[in-house]
């Protein structure tokens, strides 16, 4: 399975995804509604372009900072409150952070390739 480029494992009860770190050829991963709480296991996936990890327990995005080839990131209905790790993801074109806990979007200001941003239902204020 090392040559696998796209994988969808949504709507399961998978908690331990350490095996995914060996799939270094993945270009895309859909892993929604599984209760994922930490992105650290995805850190080795340096070549991944898109991630759909919605409806998770993810709070911290620090491991995502090293996924510099990401163009599409979907993390709706999670527990994210700090967007600073995303500031270095200059290739991001689509970002869905709807229904999360962040109140400051300033770290996204430098993402000049971003063409679609969803922040519906978050804790934003003016």
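Side notes on the structure shown:
- Residue check, residue 76 in a loop (DSSP other than H, G, I, E, B), under 20 Å from residue 35 (Cα atoms) and without any contact (Cβ under 8 Å) to a residue 60 or more places away in the chain: yes
- Filter result (under 18 Å from residue 59 (Cα atoms) and under 16 Å from the mean Cα position of the chain (by Cα)) within segment 108-121: 108, 118, 119
- Subset of segment 34-57 [surrounded by 21 or more Cβ atoms within 10 Å (Cβ to Cβ) and farther than 18 Å from residue 76 by Cβ]: 45, 48
- Residues of segment 79-102 satisfying the condition of being more than 20 Å from residue 42 (Cα to Cα) and either in a helix (DSSP H, G or I) or over 13 Å from the mean Cα position of the chain (by Cα) (or both): 99, 101, 102
- Of the set (1) in contact with a strand residue (DSSP E or B) (Cβ under 7 Å, 6 or more places away or on another chain); (2) at positive phi, all apply to residue 121 but (1).
- Filtered by the rule that a residue be within 15 Å of the chain's Cα centre (by Cα) and within 19 Å of residue 80 (Cα to Cα), segment 1-28 gives no residues.
- As a summary of the residue check, residue 86 satisfies the conditions (1) within 15 Å of residue 17 (Cβ to Cβ); (2) touching a strand residue (DSSP E or B) at 6+ places or on another chain (Cβ under 8 Å) except for the one numbered (1).
- Those residues of segment 103-121 which are outside any loop (DSSP other than H, G, I, E, B) and either surrounded by 17 or more Cβ atoms within 10 Å (Cβ to Cβ) or without any contact (Cβ under 8 Å) to a residue 40 or more places away in the chain (or both), in sequence order: 106, 107, 108, 116, 117
- Residue check, residue 105 farther than 25 Å from residue 3 by Cα, modelled with pLDDT under 95 and more than 14 Å from the chain's Cα centre (by Cα): yes
The values are calculated or read from the model by the stated rules, or taken from the named source; none is laboratory data. Since we're looking at a predicted model, the values are computed, not measured. Note that we place each Cβ from the backbone using ideal geometry, even for glycine, and neighbour counts take in every protein chain shown.
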